Every structure is written in structure tokens, then in C-alpha cells.
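Trainee: Quick one: the structure is below, questions incoming.
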Amino acid sequence: MENVSSHKLFILNGFSELGALRPVLFLPFFIMLAVSLLANSLLLYVIISQRSLHSPMCILIAGMAVVDLSLPLFFVPNMLLSFLFDWRGISLIACLVQMHFIHFVGAFQSTLLVWMALDRYFAICTPLYYHDRMALPKFLKFVIPVLIRNFLLNTLMVSLAGKLTFCVGSVMNHCFCEHMALVELACGSTTINNLVGLLTAFLIPVADFFFIAASYVVIFSSVLRSGRVGVKALHTCITHIVVMAVSLTIALVAFLSYRIRNGLPAAIRVFFSTMYLLFPSCFNPIIYGIRTTEIRQHILKTLMCGRPSLFLNKQGTEGPEDTISNDDY
């Protein structure tokens, strides 16, 4: 009889259906990694280097850039090596560590959108108290509970996965250690793992989505009763909704593909699970860089090596479009 505790080394076998064509995947995923690193690094540099961009909203966008910059580094380099050199092995400990970092850092993508929605709510619905409520000591009461929630739920989910015994096999049909891909290999009951996974999904991305949706309903109601200033403030809200809609759509497809019986080929399921983490890292900085006027202007100035003649008015000073205010987002 096979020793049920013998499987401590796993084979990440994602996209194995492609056979000899599997190395071809190196190029598109390498390009996406390069775009993610370059775009997020540029966005982060511009926000840090320009004092006019040190507003609460831009700091939150910088936080999103940090998440989008770091998240692909936890799994894409290993995946690229797997495509090129067929290095597919990973130990259980390394798998659990990778899983924890991916899920914990990935949770910040929706969490940061929650904080951005709060920022917009304070700026549009209570503008007279905006700076007071966005001051760090007061804003921390919205930050700390969410951080604790993310850490406890993801730690519980990964810890329970680490206690499983694996007797079905050691081949994981994925490119990185995704929670349900690992749980599927376990022998015995995995009911608790499934429930905790569902609970984590409900209390983090789903709960964040409903909170964001409710806040934007209030914001839109306020904008409809306001004038031109409210319409200008709505610009960034639309940016957040675009980012949230794209991320949520990919996340739901990836999440449901493991929990609902479907006819999706394994390669498609792996593709959506990978895109759930990698695509927003490429998509977010481009969207924020294009749609946020002040950030776009400073990015262009940086890419043009700071040529002032393109960005200064006739008096040689920065024009009004380079100033920043809560109403311009």
C-alpha cells in the first residue's frame, strides 16, 4: 500500500497539453512580466518623485503599483524557467510559502480598491472633512482591520492545506501553487478546506466588491445632485470601476472553474487562473497612467526626459493642468 504521507514533492504540470509547443509560452508571459515590471516601476517612480502627486489617492495608486509589481515575481520567473528548461518540481513547503504570498498579496488588489472607494466617498460626499478623515491616524482604522482580515483568512486557508496528506499523486495541473489545485490532490475529506476557501473568497473579494458597489451608489447619487465639480470627481471613479470589473470577471471565471462542474479544458482553466494574477498587474498601471490626468502628464514628462517646453505655460511656470486637487481625479 502506498504511503499516504510520501508526497512532499509536486510537479507543476500546467499547459502540459501543449506538449512540445509548451516552450512557446515563454515569450508571451515574459512580455507580460516585462510590461508589468516596467509600467509599475514607472508609475511608482513618477508618484514618489513628484511632490504634487503625494495626495491620498495617488499614494493609494502607488500602493496598487507596489502590489502589481511584486505579485508576478512570486510565480512568473519560476513559470518561465519551467517553460524553457522543464523545471517543474516544487516541495510542499515551498508550495505553501508561494501560495501564502500569492493569496495574501493578491488580496490587496481588491482591498486597495476599497480604500480608493473610501477616498472618493470622503472627497465627493464630505469634501469639507476630506483632509481630516484621510489623515493617517484616522484612516488607519479602515486599514488595520482589513489587513488583519486578509492575513488571518489566508493563513488559515494555507495552514489547513499544509495539514493534508497527498496520496492521489504529485502532479499538479497548474503553473504555480494555487489553493484548490493542491487540495484536489489530497486523499480523505477536503470539506473543511473547500469551506474555508469559499469563506475566504466571500469575505475578501466578494465582500470588497459589495462594499465598493455600495459606496459608488452613494457617490453617484451625490454626483447627480452636484454640479461640474462632481462630474470631474466621477472621472476617477469610472477608472476604478473599469479596473474592478476586469479583475472581478477574470477572478470569478478562475474561481468557479475549480468549484463548478464544467467542460472547460484544463489548459483554459490554468490560463484564467494565471491571468487572474498577471493581467491586472499589466492592466492597472496603464489604466491609471492614461486616465489620471496629473499622472499621465508627469509620465509623459518623464518619458520625454523632462522637456519643460511641452508642459509649461507662456510665463514659464507650470500650467493649471499640472496642479492637483481632489476634484480632478
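The values are calculated or read from the model by the stated rules, or taken from the named source; none is laboratory data. Since the structure is predicted, the reported quantities are computational estimates derived from the model, not experimental observations. Please note: Cβ atoms are built from the backbone with ideal geometry, for glycine as well, and neighbour counts cover all protein chains shown.
Trainee: Which of the following residues is in contact (Cβ under 8 Å) with a residue 12 or more places away in the chain, over 25 Å from Asp208 (Cβ atoms) and out of contact with any Pro (no Cβ under 9 Å at 6 or more places or on another chain): Leu96, Leu80?
Mentor: Criteria check complete, one pass: Leu80.
Trainee: Quick one: in region 126-169, of everything that is more than 11 Å from Val183 (Cα to Cα) and in contact (Cβ under 8 Å) with a residue 60 or more places away in the chain, which residue is surrounded by the most Cβ atoms within 10 Å (Cβ to Cβ)?
Mentor: Checked region 126-169; the qualifying residue surrounded by the most Cβ atoms within 10 Å (Cβ to Cβ) is Met134.
Trainee: Mind checking which residues of region 163-198 are polar (S, T, N, Q) and within 21 Å of Lys8 (Cβ to Cβ)?
Mentor: Thr165, Ser170, Asn173, Ser189, Thr190, Asn193
Trainee: Assuming Ala34 fulfils every condition listed in (1) at pLDDT 90 or above; (2) aliphatic (A, V, I, L, M); (3) surrounded by fewer than 21 Cβ atoms within 10 Å (Cβ to Cβ); (4) over 30 Å from Thr302 (Cβ atoms) apart from one, which condition is it?
Mentor: (4)
Trainee: Starting from residues that are surrounded by fewer than 14 Cβ atoms within 10 Å (Cβ to Cβ) and of a type in the set (Lys, Arg), keep the ones in region 206-246 and report whichever is modelled with the highest pLDDT.
Mentor: Arg225
Trainee: Looking only at region 278-329, filter to residues that are within 25 Å of the chain's Cα centre (by Cα) and at pLDDT below 70; which one of those is surrounded by the most Cβ atoms within 10 Å (Cβ to Cβ)?
Mentor: Among them, the one singled out is Tyr329.
Trainee: Next question, about the same structure. Pairs needed: first member in region 179-196, part of a helix (DSSP H, G or I); second member anywhere, small (Gly, Ala, Ser); C-beta distance under 7 Å; at least 6 residues apart or different chains.
Mentor: His179/Ala161; His179/Gly197; Met180/Gly197; Leu182/Ala161; Val183/Ala161; Asn193/Ala161
Trainee: Would it be correct to say that Ile61 is of a type in the set (A, V, I, L, M) and surrounded by 15 or more Cβ atoms within 10 Å (Cβ to Cβ)?
Mentor: In short, yes.
Trainee: Pick from Leu112, Leu128, Leu147, Leu160: which is of a type in the set (A, V, I, L, M) and within 25 Å of Lys8 (Cβ to Cβ)?
Mentor: Leu160
Trainee: Considering every residue within region 45-68, establish whether at least one is among the hydrophobic types (A, V, I, L, M, F, W, C), at pLDDT 90 or above, under 21 Å from the mean Cα position of the chain (by Cα) and within 17 Å of Phe176 (Cβ to Cβ).
Mentor: yes
Trainee: Against the condition among the hydrophobic types (A, V, I, L, M, F, W, C) and modelled with pLDDT of 90 or more, how does Met99 come out, does it pass?
Mentor: Spelling it out, Met99 is indeed among the hydrophobic types (A, V, I, L, M, F, W, C) and modelled with pLDDT of 90 or more.
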